[in-house]
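As structure tokens, the structure follows; a few thoughts come after it.
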Amino acid sequence: MKHLLKLMDLSGQEIKQILDLADQLKYNQKHGIAHESLKGKTLAMIFEKNSTRTRVSFETGIYQLGGQPIFLSGSESQIGRGEPIQDTARVLSRYCHGIMIRTFAQETVDQLAEWSTIPVINGLTDFAHPCQVLADLMTIREKFSKLSGLKICYIGDGNNMANSIIIGGLKCGMSVTVACPEGYEPHPKAMEYALRSGGDFTLTMDIRKAAEGADVVFTDVWASMGMEKEVQARQRAFKSFCVDAEIMKLTNGAMVQHCLPAHRGEEITEEVFEAHASEIFEEAENRLHAQKAIMEILMK
């Protein structure tokens, strides 16, 4: 494992390795055990998309591991002025020990890794959100003490979260069902992986079918960052794709996961969100521990 670009690149064993280390790092932090495995190392953090959780969790994580974060805004760095990504990769490789990037195109992350001699971590692209889904898998395993054999369902837009949930869930032996409106299905590459994986995968437009017997229910905002012009059209398309109390009654007493921020009253009701807030904010915390594990494995 040289980089973390997308979950498709990892084996099920590599995912387990990350989760096992994340569990240990969380235990250490809770018990005040210092773990400065990356002392003296620096992480360059490139943000072409704004962030709350990604920035704070990576900055806090590298600091707790003894390292130093360097924040690079897309609008304020030379990338924002048109410097070729390969030049940025070669320069940062001479200064730093790792790069985390949160951007739009998956091709940007892939190209950065191609030209970099240090590890590259995908903090989010329009195609994939691997760090978030690793934190999700960590949270699910904490509750159920396993992943294999569980049924997870995702209700909403076939976006980067849906893509990564499909791939991560199937790699961990889970049954995965995705419910999206017509025209908002997951990326063809995620669908292709699901079909050739031989795993238990269903795509439907029926949210009741998706939720039936589920152990975990995922959802996400209807319009992600960069889709502001589509908000009204998406609100019409997704109006019946809300995780509410009636949907939850169809599940197997499911836990709820949401990558945040949440638009209460759209993809999830206030009632359901607050009933599952402890799970959702544990999921948010686990971004910190999962990303610390990723950084240690790649940068140590």
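The values are calculated or read from the model by the stated rules, or taken from the named source; none is laboratory data. Since this is a predicted model, take the numbers as computed values, not measurements. Cβ coordinates were reconstructed from backbone atoms using ideal geometry, including for glycine residues, and neighbour counts include every protein chain displayed.
Annotations
- Checked against (1) touching a strand residue (DSSP E or B) at 6+ places or on another chain (Cβ under 7 Å); (2) β-branched (Val, Ile, Thr); (3) within 23 Å of residue 107 (Cβ to Cβ), residue 91 passes all but condition (1).
- Close contacts from region 168-186, counting a first residue that is surrounded by fewer than 19 Cβ atoms within 10 Å (Cβ to Cβ) and a second that is part of a loop (DSSP other than H, G, I, E, B) and among the polar types (S, T, N, Q), with Cβ to Cβ under 9 Å and a gap of 6+ residues or different chains, come to 173/148; 184/159.
- Hey, residue 30 closer than 20 Å to residue 285 by Cβ, loosely packed, with under 13 Cβ neighbours inside 10 Å and under 24 Å from the mean Cα position of the chain (by Cα) or not: yes
- Note on region 92-119: residues that are touching an Asp or Glu at 6+ places or on another chain (Cβ under 9 Å) and within 19 Å of residue 160 (Cα to Cα) total 7.
- Helices (runs of 4 or more DSSP H) enclosed by region 196-300 - at least 3 residues per element that are closer than 27 Å to residue 104 by Cα and without any contact (Cβ under 8 Å) to a residue 24 or more places away in the chain: 231-237
- Of everything in region 46-65 that is touching a strand residue (DSSP E or B) at 6+ places or on another chain (Cβ under 8 Å) and hydroxyl-bearing (Ser, Thr, Tyr), the residue that is farthest from residue 34 (Cα to Cα) is 51.
- Boolean, residue 8 is in a helix (DSSP H, G or I) and either modelled with pLDDT under 95 or within 15 Å of the chain's Cα centre (by Cα) (or both): yes
- Put simply, of 66, 40 the only residue that is loosely packed, with under 14 Cβ neighbours inside 10 Å, over 26 Å from residue 187 (Cα atoms) and modelled with pLDDT of 95 or more is 40.
- Number of the condition not met by residue 70 [criteria: (1) in contact (Cβ under 8 Å) with a residue 24 or more places away in the chain; (2) under 30 Å from residue 219 (Cα atoms)]: (2)
- The numbered conditions (1) in a helix (DSSP H, G or I); (2) buried (at least 17 other Cβ atoms within 10 Å of the Cβ); (3) without any contact (Cβ under 8 Å) to a residue 40 or more places away in the chain are all true for residue 56 except (2).
- Scanning region 135-158 for residues that are surrounded by 23 or more Cβ atoms within 10 Å (Cβ to Cβ) and either at pLDDT below 95 or in contact with a Ser or Thr (Cβ under 9 Å, 6 or more places away or on another chain) (or both) yields 135, 136, 152, 153, 154, 155, 156, 157.
- Looking at region 82-183, the helices (runs of 4 or more DSSP H) lying wholly inside it that each contain 1 or more residues that are assigned by TED's automatic domain parsing to the domain that holds residue 209 and over 11 Å from the mean Cα position of the chain (by Cα) sit at 130-144, 160-171.
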